[in-house]
Structures are given as C-alpha cells and as structure tokens.
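Data block below; observations after.
The values are calculated or read from the model by the stated rules, or taken from the named source; none is laboratory data. It should be emphasised that the depicted structure is a prediction, and the values quoted were computed from it without experimental measurement. Counting neighbours? That spans all protein chains shown, and the Cβs are built from the backbone with ideal geometry, glycine included.
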C-alpha cells in the first residue's frame, strides 16, 4: 500500500469513527434525563450540570518533569517536582507561591541495579512519583491550600507495578505507603485532592453504560460502544457546563492490580467523573477521594476543576497545573550537562557510553 492510499484509508477510518460516535450518542441522548440504580453510578444519573464557582481561596498544583539517559552500567535520571499555590481573591490571583522555589535545579538520581528493560522504565516512574508526592506534602504543610491539583491519576498506574520477582518490589511498596501518607495529610489539613488526566484513555464510564445501562435500556446495541474511550464518547454526549455522574474507580477493588494494594480506608473511597469545560476540547477526566456525602463532594470537585479549566477554549486544563508544568519541565540538554561532567571526571578509560551513542557514522 503506497503512502497516498494509507493517508486516504486513515482519513476514511477517522471519519467513519466520528460518525459512529455521533449516531450512538444521538440514540443515547434520551438517557440523560433518566434515573438509574447502579452501585457503580452512585448519583443515579448519567449527566448533571456543573455549578458556577468563583475562586476565593488558596489552590495548589503539583507537576514534575524528568529526563533520563541510559549508560552502559547505570541510568541517569533528572527529576524536577514543582509545587505552585495561587491565592485567589474574588476570582483573581492575588499572590503566587512556589515550592521549593520559583526556579529549582532538578534532583539527580542513579539507577544501577542491573534492571531489565521494563524495570528500568518502572524505576524512573517510581522515582518521579516519589518526588511528586514529596512536593505535594510539603506544599500542604507550608501553604495550606484548600484544594490541591495533581497532574495525572490519583493513584499509581498498573504500568508502575513491577513483577513479583522484581528488584523494585520494595520501591513500589514504599510508593503505596507514600500515597496513603499523602492522603492522610490532606485529610488532616482539610485539603481536597483533585487529580486531572490530560489525555485520558480510560473506558470506565463507557463500560458502565455498556454493562449496567444498556442491559436494561434496549436503545442501542452494546457492541456499538465497543472500543470507545470515555473522552471520545462523552465529547458528543456532554455539552459545555455539564459533567458525568461520578463513578467508582474500578468494578472490583480486589482484582484491580494497584488499588488492591491500598488499605480499604482509601481504596473504597476513590471516584472519578468527567467535566466538559469547552466545546472545542474533549471532556476532562477528574479523580478525587470522598468519605462523606458523595454528591456534595462530586459537585464541589467538578465546579472547582471546571472553573480552573475553562480559561482557554481549545485547551481545557487547570491553570494551576499549566503553571506547575511550565516550571517543572526539563529539556534533554540539561541532562547532557550532567552527563558531560561525569565523563570529564571519568576520562576515556571507562566504557560508559551505550554502543548506539558511540557510532562513528
């Protein structure tokens, strides 16, 4: 197949996929006004309005950037976790605070445990998570935000979990404990944690509709939704200013690869929902912890996330995390500086370079 045919085929596939989403959504639209009874949809509705809200408190956000370089015997990793706090007064940022500071040199890490390829990637991710959690805890302790935004999921992902026989098992257990300590600190300081996933490929909400709703409502065949991500489906199902019902993080906690490692004190209280802050961007996945009135907490989290994510019509993401990302991101040449200094001290007698980086042509 030549290039022009590949391009035409890709365009045709994308067009047909979009048409499929529209047709399915049109058939499901009548369900937006109906009540449902499902333990996986505690609010008994598929769609709810997002309440209007003007920030008038302290809101924090944490993000991290990292770059890595593989060497023959070690992996060199630079991580910069940055925390930002905006003090809002009647919707306007009155003051901004940064942790550890407005500019911070990245933290260098070495991994030399003779790790397998998959373990090497997990090791970097676990290092980054640890630095993020540490920065988040410090931000709560020093600036007492009412809400703290986290970039990414509120729990580690299954890709971060090493094999049972891995050298990283202890590191993973430490991370789970760090997350639980983080949740505990936030709860103690009356800080609501809100995590947002920039480009979610989750399908939890769609799966609930397939398994729970369409089993009772014969509006459309379950197979019509097969393979759709939540954000793609909800892009047509939600309009600006609406949110999905909140939903349980997983159907079965004991069978979830990561959530099953948490204590029930936390694993039973993690929920998600989607908001649509703009008609020109996809819905945003939001995750949170709730131990009290779930409807009230979901409304609260949705309105706060919506208020901070609706400032740009084509990029619906919390402004506090955009600021944190701008200060946390790292460039590849930053690790080259550290690498070159290491090589200068070692001299030419040590074969540290990877063969792929040492090609003479």
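Is it the case that residue 153 is out of contact with any helix residue (DSSP H, G or I) (no Cβ under 9 Å at 6 or more places or on another chain), closer than 23 Å to residue 275 by Cβ, modelled with pLDDT of 90 or more and in a loop (DSSP other than H, G, I, E, B)? Yes: the conditions hold for residue 153. Of all residues in the range 319-346, count the ones that are touching a strand residue (DSSP E or B) at 6+ places or on another chain (Cβ under 7 Å) and not in a loop (DSSP other than H, G, I, E, B). Within the range 319-346, residues that are touching a strand residue (DSSP E or B) at 6+ places or on another chain (Cβ under 7 Å) and not in a loop (DSSP other than H, G, I, E, B) number 12.
In the range 265-272, the count of residues that are within 20 Å of residue 237 (Cα to Cα), surrounded by 24 or more Cβ atoms within 10 Å (Cβ to Cβ), in contact (Cβ under 8 Å) with a residue 24 or more places away in the chain and in contact with a helix residue (DSSP H, G or I) (Cβ under 7 Å, 6 or more places away or on another chain) is one or more. With respect to being part of a helix (DSSP H, G or I), closer than 22 Å to residue 303 by Cα and touching a residue at least 24 places away in the same chain (Cβ under 8 Å), residue 140 fits the description. Can you pull out every residue in the range 27-48 that is surrounded by fewer than 17 Cβ atoms within 10 Å (Cβ to Cβ), touching a residue at least 24 places away in the same chain (Cβ under 8 Å) and in a helix (DSSP H, G or I)? Result: 27, 29, 30, 32.
Conditions tested, residue by residue: (1) out of contact with any helix residue (DSSP H, G or I) (no Cβ under 6 Å at 6 or more places or on another chain); (2) part of a loop (DSSP other than H, G, I, E, B); (3) surrounded by fewer than 18 Cβ atoms within 10 Å (Cβ to Cβ); (4) modelled with pLDDT under 95.
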residue: 62; (1), (2), (3), (4): no, no, no, no
residue: 66; (1), (2), (3), (4): no, no, no, yes
residue: 88; (1), (2), (3), (4): yes, no, no, no
residue: 110; (1), (2), (3), (4): yes, no, yes, yes
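For the range 302-318, give me each residue that is buried (at least 21 other Cβ atoms within 10 Å of the Cβ) and part of a helix (DSSP H, G or I). The answer is 302, 304, 305, 306, 307, 308, 309.
Taking the criterion of being buried (at least 18 other Cβ atoms within 10 Å of the Cβ) and either over 23 Å from the mean Cα position of the chain (by Cα) or in a loop (DSSP other than H, G, I, E, B) (or both), the residues of the range 49-60 that qualify are 50, 55.
Go through the range 212-259 and report how many residues are in a helix (DSSP H, G or I) and in contact (Cβ under 8 Å) with a residue 40 or more places away in the chain. Spell out the reasoning first.
Going through the range 212-259, the residues in a helix (DSSP H, G or I) turn out to be 212-213, 222-225, 230-237, 253-255, 259.
Still in the running and in contact (Cβ under 8 Å) with a residue 40 or more places away in the chain: 212-213, 224-225, 230-237, 259.
Residues flagged as in a helix (DSSP H, G or I) and in contact (Cβ under 8 Å) with a residue 40 or more places away in the chain within the range 212-259 amount to 13.
Scanning the range 196-212 for residues that are crowded, with 20+ Cβ neighbours inside 10 Å and more than 22 Å from the chain's Cα centre (by Cα) yields a count of 1. Residues in the range 156-172 that are assigned to a helix (DSSP H, G or I), surrounded by fewer than 16 Cβ atoms within 10 Å (Cβ to Cβ) and either touching a residue at least 24 places away in the same chain (Cβ under 8 Å) or touching a strand residue (DSSP E or B) at 6+ places or on another chain (Cβ under 6 Å) (or both): 158, 159.
Out of the range 212-243, which residues are more than 18 Å from residue 17 (Cβ to Cβ) and in contact with a helix residue (DSSP H, G or I) (Cβ under 8 Å, 6 or more places away or on another chain)? Those that are more than 18 Å from residue 17 (Cβ to Cβ) and in contact with a helix residue (DSSP H, G or I) (Cβ under 8 Å, 6 or more places away or on another chain): 213, 214, 215, 217, 219, 241, 243.
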